[in-house]
1. Whats the longest run of the chain with zero chymotrypsin sites (Phe, Trp or Tyr not before Pro) that are DSSP loop and have at most 11 other Cβ atoms within 10 Å?
2. What is the distance, in nm, between label points placed 7 Å from the Cα along the Cα-to-Cβ direction at ALA77 and at SER122?
3. What distance in nm separates the simple spin-label points at PHE156 and ARG170, each placed 7 Å from Cα in the Cβ direction?
4. Can you tell me the orientation of helix 145-173 relative to the chain, as the angle in degrees between its alpha-carbon axis and the longest Cα principal axis, to the nearest 10?
5. Do the sum for the chain: with -39,500 (n - 2.57) for every DSSP H run of n ≥ 4, divided by all residues, what is the mean residue ellipticity at 222 nm, to the nearest 500 deg cm²/dmol?
6. Shape of the range 1-118 from its Cα gyration tensor (a ≥ b ≥ c, root eigenvalues): rounded if a/c is under 1.5, otherwise prolate when a/b > b/c, or oblate?
7. Along Cα→Cβ, 7 Å out, is where each label goes; now give me the distance between the ones at LEU112 and ARG130 in nm to one decimal.
8. Taking Cα pairs under 8 Å and at least six residues apart, what relative contact order does the chain come out at, in percent?
Amino acid sequence: MASAITHAVVGAGIGLACTALPARSRPATIRLVSLGMLFAVLPDADVVTFAWVDYAHLLGHRGLFHAPAFYAAVSAAVALGYPRETRRVIFACVSLAMLSHSLLDALTNGGLGIAFFAPFSSTRFFFPWRPIPVSPLSVGAFFSDRGLHILSVEAFFGAPVFALGLLLHRRARR
């Protein structure tokens, strides 16, 4: 998987970009950035299933909880908790943030792939180009030379998304 740090940076960029979406009433920037960060990292909560669910199972890591159908359901549920005039922006922000997670993970060189079409298919996919080394799960291993190398590779993907989000945010504020 890509690191939680990169997922959060990409989510922040998506949250910033969502401030530029047309809306009758605009959600606060800090709210959209926070939602983007939280929901870009959230799909990896499925690692808690490692203890009792086989990795390759539909409910295993990178299975159902990494699928766009799941993201749409979560995004709709989250959006319903907001005023009607902001729901589209909230839905878009949460959906895009979660989707970014699977897209980044599909660029990694480890694991079984992403079940993009779950629950309709358990087939897992990677992109043909897989430049991101898989991130270690332990904090100790992450803060090592290998972890720093992984962050430097991931910066190639995270920094442009964040920069684009910031640019769109600033442009919308003018």
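Taken together, the values in this text are just the output of simple stated rules run on the coordinates, not laboratory data. Bear in mind that the values here come from a model prediction, so they are computed numbers and not experimental data. No Cβ is skipped: glycine too gets one built from the backbone with ideal geometry, and neighbour counts run over all protein chains shown.
1. Numbers: sites that count: TRP52, PHE120, TRP129.
Longest stretch, sites excluded: 53-119.
2. Output for this residue pair reads 2.2 nm.
3. Each label point is offset 7 Å from its Cα along the Cβ direction, giving 2.6 nm.
4. Tilt of helix 145-173: around 20 degrees.
5. On the way: 6 runs with 92 residues, N = 174.
Using -39500 (n - 2.57) per qualifying helix, the result is -17500 deg cm²/dmol.
6. Values: a/c = 2.55, a/b = 1.86, b/c = 1.37.
Because a/c hits 1.5 or more and a/b exceeds b/c, the range 1-118 counts as prolate.
7. Reported label-point gap for LEU112 and ARG130 is 1.4 nm.
8. Details: 313 pairs, mean separation 54.5, N = 174.
Across the chain, relative contact order equals 31 percent.
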